[in-house]
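Below: one structure, written as structure tokens.
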There are 2 protein chains.
Amino acid sequence: MSGMERADAARNRARILEAAALLFAEKAPQDVTMDDIAKKAGVGRGTLYRRYPDRASIAVALLDEHERELQERLLRGEPPLGPGAPAAERLAAFYAAMVGLLEGHRHLVLGSEVGRSRFETGAYGFWRAHVRVLVVAAGVPGPDALVDVLLAPLAPEVYGYQRSVLGLTPEQITEALTRLTKTLDPGP
Amino acid sequence: MSGMERADAARNRARILEAAALLFAEKAPQDVTMDDIAKKAGVGRGTLYRRYPDRASIAVALLDEHERELQERLLRGEPPLGPGAPAAERLAAFYAAMVGLLEGHRHLVLGSEVGRSRFETGAYGFWRAHVRVLVVAAGVPGPDALVDVLLAPLAPEVYGYQRSVLGLTPEQITEALTRLTKTLDPGP
DNA sequence: AGTGAACCGGACAGCGTGTCCACATAGCTG
DNA sequence: CAGCTATGTGGACACGCTGTCCGGTTCACT
């Protein structure tokens, strides 16, 4: 069958992912070369390129399950993250959850954006759709422009700068983000 | 004297800047190679590298005067951009001015960030200091984290995505940004 | 076991970067 | 105006990374 993956292929995929995770953890994404990954995983370049055309796809694969879990909770989890709470509270909960995600997997998120921009990743589309629903629910006029504005501070470069250079804590950042929910209040 | 620039050097600097401006205008920053610029300017690679170690420095040089002008107006211009108006209004004026800058020189701003991140550029430090003053003036507790959050939507990638992919107008984007000034309102 | 298909891995060519140095030229000096 | 020196110039060079390609190998099924 074409849907079945051969045993050796599966084993190599696992080794690649494991090696990539280690490398992404120890140095900046743009300094991790495809050669490094192949070397550390003990496979040849061709094998690596067969499945993953670039670094980004590897990081995406590593990130996938974590993002999936959060996406699931947004869609069907308990309020305030899931449906049922007021838009502003859901947005605040989303921010807190995203800070958690960034804190745990910053290098991976950063790695998933090498070469292409974050807007081209599938995940951005999901976050965008989610926040858009909240903005619309709050009755904000012209919601489209606001969505990306609200999502912008979650760019990994911004978070990394705040954490590593400025030395801010996740709590401080979350608090500042929570302040953004004021934009959903009815107003002029 | 060591402070004096030789005439031929000055002429070549002008040719390099002119060539780079044309190239940045016609294609994406990462597709403009140092070779392209040297070729178009009619100088050798060595000459190019002598003054500008990378693409970013060239874009910064091109951007310099535009940013300087805005910085001047922020410091000493008329309210609401300059001093004298309430913090929220000054922030709104700053956003509007930055949209103008991005709209006019998006490729340059983008180009000034190849390789390094925008936080390392001198300009970011200036915008940061300015917004920080406004946030502090508004009496927001824990201002530091909020500053970068407020600055994040001005990242050229975000603006470019909103304009080119989403098809939003500068006015729509400015309006959404203006909504962010609500974060300066006194609150819980 | 035998067979076809999928998979593996290293070699290869192309591209961009950044450095280096022999040569040329500007601008000072007598 | 001619000689001198520091500065500027330009192209050749070596290196590292990318992405592709193909001969050989291994798996899974019969």
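The values are calculated or read from the model by the stated rules, or taken from the named source; none is laboratory data. Note that the structure is predicted; figures quoted are calculated from it, not measured. Here the Cβ is made from the backbone with ideal geometry for all residues, glycine too, and neighbour counts use every protein chain on show. SASA here: full protein model, heavy atoms, side chains in, ligands and nucleic acids out. Shrake-Rupley method; radii C 1.70, N 1.55, O 1.52, S 1.80 Å.
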Any chance A:Pro53 is more than 7 Å from DNA strand C (Cβ to nearest atom), modelled with pLDDT under 95, more than 18 Å from the chain's Cα centre (by Cα) and closer than 22 Å to A:Glu120 by Cβ: yes
Residue match in the stretch B:136-151 (condition: within 11 Å of chain A (Cβ to nearest Cβ), over 21 Å from A:Glu157 (Cα atoms) and open to solvent by 40 Å² or more (accessible area, probe 1.4 Å)): yes
Set B:Leu184, B:Leu177: member being within 8 Å of chain A (Cβ to nearest Cβ), crowded, with 22+ Cβ neighbours inside 10 Å and at pLDDT 95 or above: B:Leu177
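Every residue in the stretch A:51-70 that is without any contact (Cβ under 8 Å) to a residue 24 or more places away in the chain and either in contact with a helix residue (DSSP H, G or I) (Cβ under 6 Å, 6 or more places away or on another chain) or open to solvent by 60 Å² or more (accessible area, probe 1.4 Å) (or both), please.
Within the stretch A:51-70, A:Pro53, A:Glu65, A:Arg68, A:Glu69 meet the criteria.
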The stretch B:9-25, subset near DNA strand D (Cβ under 8 Å from one of its atoms) and open to solvent by 60 Å² or more (accessible area, probe 1.4 Å), residue farthest from B:Glu157 (Cα to Cα): B:Arg11
Candidates B:Ser117, B:Ser112, filtered to the one that is within 16 Å of DNA strand C (Cβ to nearest atom) and open to solvent by less than 30 Å² (accessible area, probe 1.4 Å): B:Ser112
Positions within the stretch B:26-50 being surrounded by 14 or more Cβ atoms within 10 Å (Cβ to Cβ), near DNA strand C (Cβ under 8 Å from one of its atoms) and assigned to a loop (DSSP other than H, G, I, E, B), in sequence order: B:Val32
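Within the stretch B:75-89, can one find any residue that is within 16 Å of DNA strand D (Cβ to nearest atom), more than 18 Å from B:Leu102 (Cα to Cα) and surrounded by fewer than 14 Cβ atoms within 10 Å (Cβ to Cβ)?
Quick first cut of the stretch B:75-89, residues within 16 Å of DNA strand D (Cβ to nearest atom) only: none.
Among the residues of the stretch B:75-89, not one is within 16 Å of DNA strand D (Cβ to nearest atom), more than 18 Å from B:Leu102 (Cα to Cα) and surrounded by fewer than 14 Cβ atoms within 10 Å (Cβ to Cβ), which makes the answer no.
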Some residue of the stretch B:111-120 being away from chain A (no Cβ under 11 Å) and touching a residue at least 60 places away in the same chain (Cβ under 8 Å): yes
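Residues being open to solvent by less than 30 Å² (accessible area, probe 1.4 Å) and either in a helix (DSSP H, G or I) or more than 7 Å from chain B (Cβ to nearest Cβ) (or both): count how many of those fall in the stretch A:157-169. Don't jump to the end; show me each part of the working.
Within the stretch A:157-169, the first condition is being open to solvent by less than 30 Å² (accessible area, probe 1.4 Å), and the residues that meet it are A:158-160, A:162, A:168.
So of that shortlist, the ones also either in a helix (DSSP H, G or I) or more than 7 Å from chain B (Cβ to nearest Cβ) (or both) come out as A:158-160, A:162.
Of the residues in the stretch A:157-169, 4 are open to solvent by less than 30 Å² (accessible area, probe 1.4 Å) and either in a helix (DSSP H, G or I) or more than 7 Å from chain B (Cβ to nearest Cβ) (or both).
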